[in-house]
Amino acid sequence: MPSQRETRRRALLFMRANKRSLFGLIGIPALISVAYFLNLFTVGGVSNRSDQVYVQFVSHTSQKTISPNIRLVYIDEEHNRALLEQHPQLAGILNDDLRRQPWREFHSQLVSKLDKAGAAIVAFDFTFPAAANMYEGANKAFIDAVRDANNHGRTHVVIGWKLDEMTDHDLSQVLATEQAGDIEVGGMSSDTGDSKSLRVIAIAISDGRTVNGVIEERLRTPIPMPLRLFTIATHKGKPLIVSHLEANQGDVALYENGTNHLIQSELMFCEADSPNCKVTQGFEWRRTAVVPLIMPSIDSRNEIPYENILSSGDLTEYKDKIVIVGARIDQEKVTVPGAESGAQLYGYQAHAAILDDLLHNR
């Protein structure tokens with residue numbers, strides 16, 4: 001039987017001969033554990049270097065196109081010149097919130113035309129704050145168009161919502177709860193070289209607290225725009241109800257006619273006293289279900305200028321389609337994985353990409 005000294009000598013020789021394998025089995029997990037406990041991984045679950053690896057990975061392995069069932073209509077000054085020349089009062093929408101309001105008269109025309117064509121959903125990926133007195137007529141025209149669409153029952157009109165911005169009171173009277181989607185959900189952005197990259201987007205947010213020893217948790221409503229559009233697009237008879245986030249995993253549970261459907265996601269957690277953790281007053285923590293944002297291919301088959309809808313005499317191709325209306329505003333741009341130099345999307349395009357993934361279970 002070898003002596004204790006001989007045993008140690010053999011063990012040392014074995015470690016020297018197999019040091020690379022041993023580092024893979026022991027050293028790497030140990031380093032990961034140390035990094036975790038030293039908070040080298042961010043709240044988003046990844047470090048800057050990990051983000052770079054993620055971006056490189058998806059840019060070489062993921063390529064997708066937006067489904068033709070999703071159509072995008074955008075407002076900007078470069079591609080809507082004919083409309084702006086005919087109606088100069090519309091100029092400045094990208095710089096002045098007040099001057100967005102006269103567009104509501106044209107939003108009413110857009111809703112009416114798409115409703116007549118049989119579009120499944122018309123979603124405005126921006127908000128509708130209280131109308132100024134000078135634009136009450138434009139606001140009323142839009143309200144009437146939404147009311148008519150609701151009465152016809154063909155087209156669901158959805159508007160954007162923000163926690164810190166009041167929706168126009170008269171408009172809110174004709175909108176049901178399920179006709180609003182939270183657009184200020186963002187995601188988890190992080191440094192990737194010289195720019196910011198939006199890796200994931202929230203699809204459900206839940207605030208929690210402990211009351212008399214009992215855990216109480218509730219979803220924040222309205223729910224984020226991508227999930228709102230998904231629940232409307234996939235309803236059967238009655239809209240799907242978002243019931244809760246699963247307790248120990250990132251799944252979002254949807255309830256429909258006695259059946260639960262689960263959407264796989266990643267779960268982010270933060271406490272009320274943590275930096276950048278926006279918890280509803282009176283609650284102690286927040287859980288956010290997020291899904292990855294991967295660069296989609298968007299071309300003219302999916303996306304056209306706003307004025308093209310108003311001037312078109314035939315919109316039959318929009319029957320049963322989900323139409324998302326958005327504004328191309330610089331501050332809405334986000335860099336996303338999918339290109340070596342970093343590709344950019346606008347907010348409404350990012351929501352369309354996530355909606356497409358939800359509809360196709362990617």
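Numerical summary
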read-out: Check on Gln344, within 27 Å of His79 (Cβ to Cβ), free of Cβ contacts under 8 Å to residues at least 12 places away in the same chain and in contact with a strand residue (DSSP E or B) (Cβ under 6 Å, 6 or more places away or on another chain); value: yes
read-out: Every residue from region 246-258 that is over 19 Å from the mean Cα position of the chain (by Cα) and either modelled with pLDDT of 70 or more or surrounded by 12 or more Cβ atoms within 10 Å (Cβ to Cβ) (or both); value: Glu246, Gln249, Tyr255, Glu256
read-out: Hits in region 268-285 (condition: out of contact with any strand residue (DSSP E or B) (no Cβ under 6 Å at 6 or more places or on another chain) and either in a strand (DSSP E or B) or under 26 Å from Arg199 (Cβ atoms) (or both)); value: Ala272, Asp273, Ser274, Pro275, Asn276, Lys278
read-out: Of residues in region 223-245 being in a strand (DSSP E or B) and hydrophobic (A, V, I, L, M, F, W, C), the one modelled with the highest pLDDT; value: Leu245
read-out: Only one of Glu77, Glu136, Glu165 that is over 28 Å from Gly313 (Cβ atoms), touching a residue at least 12 places away in the same chain (Cβ under 8 Å) and not basic (Lys, Arg); value: Glu165
read-out: Top-ranked residue of region 122-181 - restricted to ones that are in contact with a Gly (Cβ under 8 Å, 6 or more places away or on another chain) and assigned to a strand (DSSP E or B), ranked as surrounded by the fewest Cβ atoms within 10 Å (Cβ to Cβ); value: Ala180
read-out: Options Glu303, Glu332; residue that is surrounded by fewer than 22 Cβ atoms within 10 Å (Cβ to Cβ), of a type in the set (D, E, K, R) and in contact with a helix residue (DSSP H, G or I) (Cβ under 7 Å, 6 or more places away or on another chain); value: Glu332
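The values are calculated or read from the model by the stated rules, or taken from the named source; none is laboratory data. It should be emphasised that the depicted structure is a prediction, and the values quoted were computed from it without experimental measurement. Virtual Cβ from ideal backbone geometry, glycine too; neighbours counted across all protein chains shown.
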